[in-house]
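Student: Sending over a structure as structure tokens; questions will come in a sec.
Just so it is clear, none of the values below were taken in a lab; they were calculated from the coordinates. Just so it is clear, the model here is predicted, and its values are computed rather than measured. Positions of Cβ are generated from backbone atoms using ideal geometry, with glycine treated the same way; all protein chains shown enter the neighbour counts.
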Amino acid sequence: MPSGGRTRVLIVDDSAVMRSLLRSVIGSDNGLELAGAAPDGKSALAAIESLRPDLVLLDVEMPVMDGLATLRQLRARNTRVPVIMCSSLTQRGAKVTVEALAVGASDYVAKPTGHADLGAASRALAQDLLPKIHALTSKDAAPAAPARRASVLSSIAPPSRLAPMPTALSIMVVGVSTGGPAALDVLLPALPANFPLPVLVVQHMPEIFTQLLAERLAQRCSLRISEAAEGDPVRPGIIRIARGNWHLEVIAAARPGQPNTLHLTQNPLENHCRPAADVLFRTAAQIYSSGVLAVVLTGMGSDGLAGARLIREQEGAVLAQDQATSTIWGMPGAVVRAGLAHRVLPLASIAPEILQLVGRSHSEARERRETAVS
């Protein structure tokens, strides 16, 4: 978060036209100022050292040093400046962007295409980019100092840390947005091959990105992972990633003994999103009742809040990522402020907590079965 005054933005792009568009967008917002511009990654690294910008707009494809290599070097230096990738919506551009998001980019914007003139392109880019810049440089985007954190948490409805947790978990649902690929890259590979719950994930991304995200995670996880498809059965030990631009719902089995299935819809956006975590959470709560374990990770906005409330009303479990490890503490922060989270945890502690809850759930279920038999 900028210490004061306007947010200083560094533009990194080899295209003079794109640099001009980005300058126009930054100049249209009184809260921003241009820190500088660089035509390639090598120049950008030097500029970041000397200019100390509050945020970097980084092109994916550049000569000398591309965006991904630049980002890797930047994070290797332990530089925590927020980085927004500027990507073309091509298969190659999307693949590199997903990789960049997984290794430390904060967010991305698509380069404008198909507009009548530069003015229209600039307006379209501003509509997408400006909210992301402000979100990434807001108080919810940076870990607070100890004294500040204490004052912030004192004004939040206390999480239900001592509330009883469900003892018969049946499904895990995850809602995540800004910073999500990196968070999922930590959480999902930590689930073992014998994980006994189905896992459904809503990540706010366009369609081309969610498929690539699922493919990348499939290479890193012990569990089977794929992008969700219409009619997929909901089975233990399989992770489905919601398809971009499609809401993901759980549908009850048609007949006893058959699995529940997934349904993809293009119903209206919820929380300005499609897919929306609230849609998934709501339908999971309707079918699995107290058996739902919801995990709300880093993200802008409040998607997942209404769904988390329904899950708690059904006596399901809710975990939320803490502020210090979130890229933006919007989604999990909304759940915590409403007092809906059973646990508020650093990202690295969420998988161990899940495994403990699931292990306890299955142990108690086994004890009940053995008692019933005896």
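Student: Using Cβ contacts closer than 10 Å as the measure, can you line up K95, K139 from fewest to most?
Tutor: K139, K95
Student: Using a 10 Å cut-off around each Cβ, can you sort D128, D117, D40 from fewest to most neighbouring Cβ atoms?
Tutor: Sorted ascending by nearby Cβ count, the order is D117, D128, D40.
Student: Run through the DSSP bridge list for the chain and note the antiparallel percent, rounded to the nearest 5.
Tutor: If I count the DSSP bridges inside the chain, around 15 percent turn out antiparallel.
Student: Let me ask something else about it. Please identify the DSSP H helices in the chain that span no less than 18 Å along the helix axis (Cα) and have a mean Kyte-Doolittle hydropathy of 0.5 or more.
Tutor: Membrane-span-like by this rule: 118-136.
Student: Give me the aspartates and glutamates in straight-line cross-link reach of K139: C-alpha distance below 15 Å, same-chain residues under 8 apart excluded.
Tutor: Partners found: D54, D322.
Student: Let me ask something additional. Show me the ranking of peptides 176-183, 205-212 by mean Cβ neighbours inside 10 Å, starting with the highest.
Tutor: Listed from highest to lowest mean packing, they are 176-183, 205-212.
Student: Give the relative contact order (percent, whole number) for the range 153-373; include only Cα pairs under 8 Å separated by 6+ residues.
Tutor: Computed over the range 153-373, the figure is 26 percent.
Student: Quick one: what are the phi-derived ³J(HN,Hα) couplings along the range 169-179, Karplus 6.51/-1.76/1.60 with θ = phi - 60°, whole Hz, x for glycine and proline?
Tutor: Calculated HN-Hα couplings, in order: 6, 10, 7, 10, 10, 10, x, 7, 9, 4, x Hz.
Student: DSSP beta bridges in the range 153-373, what fraction antiparallel, as a percent rounded to 5?
Tutor: The antiparallel fraction comes to roughly 20 percent.
Student: Under a cut-off of 18 Å between alpha-carbon atoms, report the lysines in cross-link reach of K132, not counting same-chain residues fewer than 8 places apart.
Tutor: K111
Student: In square nanometres and to one decimal, what's the mean projected area of the convex hull around the Cα atoms of the range 7-138?
Tutor: 7.2 nm²
Student: Counting pairs of Cα atoms in the range 20-68, how many percent are more than 11 Å apart?
Tutor: Taking all Cα-Cα pairs of the range 20-68, the fraction more than 11 Å apart is 69 percent.
Student: Here's a follow-up. If I build a Gaussian network model for the chain, linking alpha-carbon pairs within less than 10 angstrom, which residue out of L74, L347, L118 has the largest mean-square fluctuation?
Tutor: For the chain, modelled as a Gaussian network with Cα springs under 10 Å, the answer is L118.
Student: Just add up the charged neighbours of A46: K/R +1, D/E -1, any other residue whose Cβ is under 15 Å from the Cβ of A46.
Tutor: Here the charged neighbours net out to +1.
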